[in-house]
Amino acid sequence: MRGPRSDFQRDRDRIIHSMSFRRLKSKTQVFIAPEGDHYRTRLTHSLEVAQIGRVIARALGVDEDLTEALCLAHDLGHPPFGHAGEDALSEAMQRFGGFCHNAQALRTVMRLESPYPEHDGLNLTWDLLEGLAKHNGPVAAPNWALAELDAAFPLKLGDWPSLEAQIAAVSDDIAYDNHDIDDGLRAGFLDLDDLLQLDFLADQWRSVEKRFPTAPRERQLRELVRDQIGVMVNDVLEHTRKAVAGMESVADIRACGRMLAGFSPAMGQYERALKRFMYDKLYFHPEQVAAAERARDVVARLFAAYSQDPSLMPERWREGLCENEPERSRRIADFIAGMSDRFAMEACARIYGTRPVGLVNV
């Protein structure tokens, strides 16, 4: 009725048109509520993951539309302030089954985001939901949210995921490994001398300097990030082609018992070293840690306020609130998880009378 689309193209379009996707524009990627226009948010990160995923899927001859939809949807369950907000919700929900952003993404598209007259959720394909549930591999011990959804619509959580889901997972790694370097340099939390401690990155930098000796330093650094993405993508393509050689069906992919789309052993070792470097120099930078602590406090205070006085919540959210636990607290967590960074800060200011100080750190 609405144009010549495949099922997976419809999945992608419903995700793009959802309110949950639009809210990603104001959710933390690395820096909490940044004032600068050029820093990544969960929205721009998801678009960059989708671009990388499409390239890999097309080159490998798997379904590009399913891969793109998975990439666009993979962070829909993130609460405000990224992992800091998730930590706060996990602690607040400890007695009620905990909180997991990956399971929340499924809960969002299957239960919470319901714009259509005939059904709850976005009515996405099984393949999309299954890929979201286990793009990092089989789920042996699903938390309450994922277990509840799986019971209603079985997703074969113990099986290995499709190649498209595996591509979405490695595309996420490639995107944030490299784009977080770009943002860290722009914010001044990283510098070139630190980056050159990594041999692989130092080799890439020497290549950039040799090819563009007179280019401004800023452009050379951008070229370094682009080169790294290209090298990683090509490594994934070469390694994955070898891994799937001889396989003829989706069933073969699922039955192999391991992840097939990913880095070669050598690149995987470098990528893990890069992650350790980024945690040490950027994610656990003292200013980042301080901002994360303040963000956790905002989420914890919101949860406490809504638990004590549900009238503080919008009418739409109060309507579905019952007195029984754990359903009551899970409903409150759903409301908070959907907030953007700025909405959460403003809500906290309305309740407690003062705006959180020191959250904008770049």
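Please treat every number below as a calculation from the coordinates, not as lab data. The model shown is predicted, which means the values in this text are computed figures rather than measured ones. Glycine also receives a Cβ, built like all others from the backbone with ideal geometry; neighbour counts cover every protein chain displayed.
Would you mind telling me which residue in ASP191, ASP309, ASP13 has the biggest mean-square fluctuation in a Gaussian network model of the chain, where springs connect alpha carbons within a distance under 10 angstrom?
ASP309
Rg to Rh for segment 10-157: what is it, with Cα atoms only and Rh by Kirkwood? Don't jump to the answer; show the numbers that get you there.
Working: Rg = 15.3 Å, Rh = 15.9 Å.
Taking Rh as the inverse mean 1/r over Cα pairs, Rg/Rh reads 0.96.
Compute the signed sum of charges (Lys and Arg +1, Asp and Glu -1) over the other residues within less than 11 Å, Cβ to Cβ, of ALA59.
For residues surrounding ALA59, the net value is +1.
Extending each Cα 7 Å along its Cβ direction at LEU198 and TYR352, get the distance between those two points in nm, one decimal.
Those two pseudo-labels are separated by 3.5 nm.
How large is the charge dipole for segment 163-285, taken about the Cα centre, if only the Cβ atoms of Lys, Arg (+1) and Asp, Glu (-1) carry charge, to the nearest 20 debye? Please list the in-between numbers first.
On the way: 16 positive and 22 negative charges, 35 e Å.
Charge dipole of segment 163-285: 160 debye, to the nearest 20.
Could you give the size of the charge dipole of segment 157-223 about its Cα centre, using +1 on the Cβ of each K and R and -1 on the Cβ of each D and E, expressed in debye and rounded to the nearest 20?
480 debye
Multiply the residue gap between HIS119 and ARG241 by 0.36 nm, knock off their C-alpha separation, and tell me the result in nm, one decimal place. Numbers along the way, then the final one.
Working: separation 122, 0.36 × 122 = 43.92 nm, distance 3.98 nm.
Extra length from HIS119 to ARG241 when fully extended: 39.9 nm.
Between exposed GluC sites (Glu not before Pro) in the chain, where DSSP calls loop and at most 16 other Cβ atoms lie within 10 Å, what's the longest gap? Working shown, then result.
Numbers: sites that count: GLU35, GLU118, GLU248, GLU323.
The longest uninterrupted stretch comes out as 119-247.
Please report the relative contact order for segment 163-285, taking Cα pairs under 8 Å with a sequence separation of at least 6, and give it as a percent rounded to a whole number.
Result for segment 163-285 is 38 percent.
Cα atoms only, segment 163-285: Rg and Dmax in Å?
That works out to 16.4, 52 Å for Rg and Dmax.
Could you work out how far apart the two model spin labels at ARG254 and GLN51 are, taking each label as a point 7 Å from the Cα in the direction of the beta carbon, and quote it in nm?
3.4 nm
With each run of n ≥ 4 DSSP H residues scored as -39500 (n - 2.57), what mean residue ellipticity at 222 nm is computed for the chain after dividing by its residue count and rounding to the nearest 500 deg cm²/dmol?
Calculated mean residue ellipticity at 222 nm is -19000 deg cm²/dmol.
Subtracting the Cα-Cα distance from 0.36 nm times the residue separation, let me have the gained length for ARG272 to SER311 in nm, one decimal.
Details: separation 39, 0.36 × 39 = 14.04 nm, distance 4.65 nm.
So the extension gain works out to 9.4 nm.
How large is ³J(HN,Hα), in whole Hz, for each residue of segment 142-149 in order, when computed from phi with the Karplus curve 6.51 cos²θ - 1.76 cosθ + 1.60 and θ = phi - 60°, using x for Gly and Pro?
x, 6, 4, 5, 5, 5, 5, 5
Suppose every K and R has +1 on its Cβ and every D and E has -1 on its Cβ; what is the size of the dipole of the chain about the Cα centre, in Debye to the nearest 20?
So the magnitude is around 420 debye.
Between ARG22 and LEU321, what is the label-point separation in nm under the 7 Å Cα-to-beta-carbon projection?
That separation, rounded to one decimal, is 2.5 nm.
Order by neighbour count: ASP341, ASP159, ASP180, fewest other Cβ atoms within 10 Å first, most last.
Ordered by Cβ neighbours within 10 Å, fewest first: ASP159, ASP180, ASP341.
Can you report the principal axis dimensions of the chain using only the alpha carbons, biggest first, rounded to whole angstrom?
Sorted largest first, the three principal extents are 64, 51, 39 Å.
Name the aspartates and glutamates eligible as straight-distance cross-link partners of LYS281: C-alpha to C-alpha under 17 Å, and not fewer than 8 places from it in the same chain.
Partners found: ASP177, ASP180, ASP182, ASP183, ASP191, ASP193, ASP194, ASP199, GLU271.
Cα centroid distance between segment 310-358 and segment 176-247, in Å?
Between the Cα centre of segment 310-358 and that of segment 176-247, the gap is 41 Å.
Give the separation of the Cα centroids, segment 1-30 to segment 112-165, in Å.
That distance is 16 Å.
Suppose R0 equals 41 Å; then what is the FRET efficiency for GLU218 and ALA59 from their Cβ-Cβ distance, rounded to the nearest 0.05?
Working: r = 30 Å, r/R0 = 0.74.
After rounding to 0.05, the efficiency reads 0.85.
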